[in-house]
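All of the numbers you see were taken from the coordinates with simple rules; none came from a lab. This one's a predicted model, so the numbers in the text were calculated from it and none came from an experiment. We place every Cβ from the backbone using ideal geometry, glycine too, and count neighbours over all the protein chains shown.
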Amino acid sequence: MRRQLLGLLFFFFLGIASFLLVFQSFLSIPSHYRVSVGEKVDFGISLPPQISDLITVYVRGSEKASLKWQSGGLPIALAPGHISLELRIFNFLPLKRVTVEVVPTVKVVAGGHSIGVLLQRQGVFVVGYAAISSSDGKKYCPAKEAGIEPGDLILEVGGTPVHSDTQVSLLIDQLAKKKEVLEFKVKHQGKVHCIFIKPRYCPQTKRYRIGLYVRDGTAGMGTLTFYDPQTKRYGALGHPVLDPDTNLNIEVEEGRIVEASVQGIQQGRRGHIGEKLGFFVNRSKISGSIEKNSKFGIFGKLEQNLRNPIFPEPLPVALSTSQIREGPAEILTVLEGEKIESFQAEIQTVFIHPKLDGKAFVLKITDPLLLERTGGIIQGMSGSPVIQDGKLVGAVTHVFINDPTRGFGVLAGLMLEEAELIPDEIGQSSSGLNNFLGDSFCNFLVVFASSRYTIGQSLP
């Protein structure tokens, strides 16, 4: 009797553990899933047949039928729209609700082009304090005393918009000779404030100052990720342009990208990040505006049409990490002059939920030639497109300092959304299930004859 009781308890707890594993798997499914027309709907989880037969996928708000979780193929999205699904176990216990958004097919030209990035800030950026040594032997910092901090953005001095560090210095000196206290319009942590400061005369520089180091524009080199021939919109870098002193995003007032020529390589090694060395091309084949500097890269419009000699035709784009797999891939980048080359890589880890900064997968450089020339991922490679199975899946963004052969990549779909190439909202379909099944129940049977979903029951 004791053995039977122990046996029953063992199988009871085994069943509980199995259920918890299934529940955890379904919790990992994103609540919002995006897919292009013609793509398979794959939640990216794999279950044994004994468990999958207990799972039913209900279509909420449809008079059609639900879809039962079974072995076999995957359903295909047929038209743009939304569909709300509820995944249940034992036909009554809800596990997960998922909104599937089907967007029109988007294809873009892959990048890989080396670009120069020229940014002009909105206002001037405060990067530090510079105390004023007065004639009385004391040191003063009026800006610090008034509450201005490194990372703040000075937008106006005495009612005049400012765009450069030189302009700020001249305005403060000129206005302080007429007024004792000056008004500064300052952006602090996203909010604009008016701050009043009394400048002090600096005997060393023979002008009035408020005790700040400020910076205006910045320049650097990176890689173009994609280009849309229809709208001429582009995306590059895959991460924001940061101020080197404060490590904060630069708020762009005006900016441009131009073609850059790579003239040398400084190899990366453990503990030291390498970089591309080069210059900006005057008569550039690439020229465009920078309209946005976001956590997923820089975005704007090109003035010329762009082509890629390796992938001349537009490529489909991975909109979710379920469309990326662990395995071989390739990256496109420039190592000499303006020549785009393709190099072998391997996607080692795919995150079901991309990080807040867009990191979606871990990439390892495996190409012997690239490893020999650069040591791995180096500065200037940011934005290099990652291609897998004929699809643009992302871009190189970061390198591991202790292992320069490995780094992170951003999801391509996030960059396209930031470039406004994917609609924020797709109109709700009058019959959501038809986005997957076609216009009739017969179409459903034809399209999904080999699907792992079969007819069940609908939810109101």
Once amide hydrogens are built 1.01 Å from N within the peptide plane, the residues lying 5 or more places from Val281 or on another chain with amide H under 5 Å from its amide H are Glu259, Ala260, Ser261
Could you size up the charge dipole of segment 124-215 around its Cα centre, putting +1 on the beta carbon of Lys and Arg and -1 on that of Asp and Glu, and report it in debye to the nearest 20? 200 debye
Those residues of segment 191-235 whose amide nitrogen sits under 17 Å from the label point placed on Lys138, 7 Å along Cα→Cβ: 198-203, 209-211
Quote to one decimal, in nm, the extra length available between Leu118 and Phe279 on full extension: 0.36 nm per residue of separation minus the C-alpha distance between them. 56.7 nm
Sorting Leu224, Leu95, Leu118 on the 10 Å Cβ count, fewest up front, what's the list? Leu118, Leu95, Leu224
For segment 207-258 versus segment 281-314, the gap between their alpha-carbon centres in whole angstrom: 14 Å
Please rank Ile89, Ile365, Ile298, fewest neighbouring Cβ atoms within 10 Å first, as an exposure proxy. Ile89, Ile365, Ile298
On a full-extension model of 0.36 nm per residue, what is the gain between Asn91 and Gln167, subtracting their alpha-carbon distance, rounded to one decimal in nm? 20.4 nm
Hey, with R₀ at 60 Å, roughly what FRET efficiency would Glu183 and Thr231 work out to, going by the Cβ-Cβ distance, to 0.05? 0.90
Give the Cα extents of segment 291-387 along the principal axes, in whole Å, largest first. 37, 36, 26
Counting only residues 5 or more places away or on other chains, whose amide H sits under 5 Å from the amide H of Arg207 once H atoms are built in the peptide plane? Cys202
Expressed in nanometres to one decimal, the distance between label points 7 Å along Cα→Cβ at Lys191 and Leu369 is 5.6 nm
Could you put Phe361, Phe280 in order, starting from the residue whose Cβ has the fewest other Cβ atoms within 10 Å? Phe280, Phe361
Distance-filtered residues of segment 339-380 - backbone nitrogen under 20 Å, label point 7 angstrom along Asn247 Cα→Cβ: 355-360, 378-380
Full-stretch length increase - Glu149, Ile401 - with 0.36 nm per residue and alpha-carbon distance subtracted: 87.7 nm
If the cut-off is 27 Å between C-alpha atoms, which lysines fall inside it for Lys178, apart from same-chain ones fewer than 8 positions away? Lys138, Lys139, Lys144, Lys187, Lys198, Lys206
Among rounded, prolate and oblate, which fits segment 124-215 when a ≥ b ≥ c are the square roots of the eigenvalues of its C-alpha gyration tensor, a/c under 1.5 means rounded, and a/b larger than b/c means prolate? prolate
How high is the FRET efficiency from Tyr129 to Gln348, r the C-beta distance, R0 56 Å, rounded to 0.05? 0.80
